[in-house]
Each structure stands twice: as C-alpha cells, then as structure tokens.
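The values are calculated or read from the model by the stated rules, or taken from the named source; none is laboratory data. If you're wondering where the values come from, they're calculated on a predicted model, not measured in any experiment. Glycine also receives a Cβ, built like all others from the backbone with ideal geometry; neighbour counts cover every protein chain displayed. Just the protein is used for accessible areas: all its heavy atoms, side chains included, with ligands, DNA and RNA removed. Shrake-Rupley method; radii C 1.70, N 1.55, O 1.52, S 1.80 Å.
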Amino acid sequence: MVTSKSKVAIIGAGFVGASTAFAMSLQQIATEIVLIDVNKEKAYGEALDINHGISFVGQMAVYSGDYSDVKDCDVIIITAGANRKPGETRLDLAKKNVAIAKDITQNIMKYYTRGVILVVSNPVDILTYMITKWSGLPNGRVMGSGTVLDSSRFRYLLSKKLNVDVRNVHGYIIGEHGDSQLPVWSATHIAGQNINEYCQGPNGILTPEDKLAIAEEVKKAGAEIIKNKGATYYAIAITINAIVESLLKDQNTIRTVGSVINGNYGIEDVALSLPSIVNSGGVQSIIPLTLSPEEEAALRASADSLKAILNEVKDI
C-alpha cells in the first residue's frame, strides 16, 4: 500500500476505466481515486460499487467527480473514447477519438497543476502524440500505455510454449500498439540467456515458424478476446495498475510505454513504444536497444504507418 498521499483521476468510467479503478482499489495503489465521465450516473455507480467492498481492503477515497478534480493529481488516466465498430477502419476510429481526446485535453488543462497524463484510449499512439502537442507539457509527461500489454501477452505466450515461469521470460513488443508492432527477438531472454541460446539446449524448441505464430497471436489477441466476450478490459486494467505503480512509487521501471520519439533509430516526430525508464515524472529516458537490421527496418516501417494516420488527423 502507498503510505504517502497520492491522487489518481480516471477519465472514462466504461469497462476499462471501471476495471482500472477496481484493480487499483484491490492493490491500494493510491489513496484517492476519482472517476470522471460524461455519464455522471455511471461514474457515480462504479465508485459506489467499489466503496461497498473497501472495508475488506483498506482505507481509501474512491468517488466520482468532474474535470476540476484533476487538480493536484499525480496521474491522470484517459480511457474514454469510442470503440471500433464492424466495418469501421482504423482511420475512421482515429478521427472520431482524436476529436474526443481534444475536448478531454482542453478540459484537463483548465485545471491541471501537476502529474503525468497516461493515455490508454485507442488508437493510443495517435492520441499520445496529439495530446502531447495539445497539452504543451514537456515530452515524457504525456505517455501512452503503448505496447506494455502486448509485451505481457508476448511473455505469456513464450512461457506457455517453453513451459517456463512467465516471471523468468523477458521480452519486448515495440513500435505501434497495432498491426505494425514487432517483437524484439534479439533482446528476448529466458533467465538471462538469449532465447536462441536457451532453445539450443534441452529446455525447448522455438522454430522460425513458432516465432511468426507467436508474433501474430500477440497482434490479434485483442480481436480474439473481443470476438469471444465483446471487449477487453481485465488485462489492460492490470497493465495500467502496473504503470501507475511505477509512477506513484518513482520506481524507475523499464516499460514499453509510448511517447513522442525524436531521433531514436532515425525516427522523428511520432509517438510509439520503446523500452523506457518510467518514474514519477513520466518517461525519464528511452533505453537504446541493439536491434538487428531487420528489426530496425520494421520499427521504421511502423513509425511510417503511424505518420500516415497522423497526417490525416493532425488538423482536427
């Protein structure tokens, strides 16, 4: 439990926002959580539901409010936005949610005094870039959940394939949180051993076909869950919880969060995910990886695909 006072605002009390508040209350990550939503009754109901179980986990303040409550927040989480509908393109969704995010950002900045803005709404890379620009905050103070969840899915699938504890699997998905993301196989390790070396021993076999299948399964994981249950919210809530803990406890944790990139791998003026040191100030720095030529080319292609969407929405 956090002993010093900490305040978190969650903008959007839908599946993701409400699940995030619930996960935070179970872990006692913050001393104060405020839920903000255009549907005030929904936000109030979610806060009330959590409060009725607070006596079993500890003392904290969970309540619904409005944008004035972002004042003095340590972290402001944006989960609000429209979901992608059948037949709707990624660009259609981007245009819709960029307009929503612009309104949210303007309302936040009326009352903003400090803290990190954590963007979760999709398309997260596009929104992270735009909110960074609109807010005028220093680079890194606005960050996206990026590929933190994708990296967790990647580690989970590797642990299942190789039958090893997921806590001993270390690997990253970088680039876009979306179709052009890529696994960094060159920096994937099992208990300190490069995965290729690990799989040369008696511990397991990982063929090139296996690697392609795992990368594809990570990419399509969200769609698979949506097909079966309608929405994804538990894993992203746990992911947000982990990121916020790194922020509130000033942990200097390495996470593949998204931020605006200027110069890394020759990439400029776009938000995407790279392993980054995260502390109370947001993204402190980006960890340079020695990528293979193929990985570096794929990362640049990912940046280009994001820039193509940015060019379509930058004037909204």
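Let's see how each residue does on (1) touching an Asp or Glu at 6+ places or on another chain (Cβ under 6 Å); (2) of a type outside the set (D, E, K, R):
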site	(1), (2)
Ser64	no, yes
Val70	no, yes
Gly81	no, yes
Ile100	no, yes
Gly115	yes, yes
Leu118	no, yes
Asn139	no, yes
Arg153	no, no
Does region 244-260 contain at least one residue that is assigned to a helix (DSSP H, G or I) and on the phi > 0 side of the Ramachandran plot?
no
Find the residue count for region 84-121, including only residues that are closer than 22 Å to Phe15 by Cβ and in contact with a Gly (Cβ under 6 Å, 6 or more places away or on another chain).
4
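Conditions (1) free of Cβ contacts under 8 Å to residues at least 24 places away in the same chain; (2) within 23 Å of Ser302 (Cα to Cα); (3) surrounded by fewer than 24 Cβ atoms within 10 Å (Cβ to Cβ); (4) among the basic types (Lys, Arg), marked per residue:
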{"site": "Thr128", "(1), (2), (3), (4)": "no, yes, no, no"}
{"site": "Ser135", "(1), (2), (3), (4)": "no, no, yes, no"}
{"site": "Val169", "(1), (2), (3), (4)": "yes, no, yes, no"}
{"site": "Gly175", "(1), (2), (3), (4)": "no, yes, no, no"}
{"site": "Gly178", "(1), (2), (3), (4)": "no, yes, yes, no"}
When you scan region 71-85, do you find a residue that is open to solvent by 70 Å² or more (accessible area, probe 1.4 Å) and touching a Phe, Trp or Tyr at 6+ places or on another chain (Cβ under 8 Å), even just one?
yes
Ile277 vs (1) touching a residue at least 12 places away in the same chain (Cβ under 8 Å); (2) in a helix (DSSP H, G or I): all pass except (2)
Among what's in region 208-233 and is more than 22 Å from Lys85 (Cβ to Cβ) and in contact (Cβ under 8 Å) with a residue 24 or more places away in the chain, pick the residue that is surrounded by the fewest Cβ atoms within 10 Å (Cβ to Cβ).
Glu217
Does Arg114 satisfy the criteria of being closer than 24 Å to Ser285 by Cβ and either free of Cβ contacts under 8 Å to residues at least 24 places away in the same chain or part of a loop (DSSP other than H, G, I, E, B) (or both)?
yes
Mind listing whichever residues of region 279-291 are farther than 15 Å from Val260 by Cα and open to solvent by less than 30 Å² (accessible area, probe 1.4 Å)?
Asn279, Leu291
Can you name the number of the only condition in (1) under 14 Å from Ile11 (Cα atoms); (2) of a type in the set (A, V, I, L, M, F, W, C); (3) more than 12 Å from the chain's Cα centre (by Cα) that Leu137 fails?
(1)
Is it the case that some residue within region 39-51 is exposed (fewer than 15 other Cβ atoms within 10 Å of the Cβ), in the same structural domain as Ala13 (by the TED database), at pLDDT below 95 and more than 17 Å from Gly144 (Cα to Cα)?
no
Of the residues in region 181-222 that are small (Gly, Ala, Ser) and under 16 Å from the mean Cα position of the chain (by Cα), the one that is modelled with the highest pLDDT is Ala221
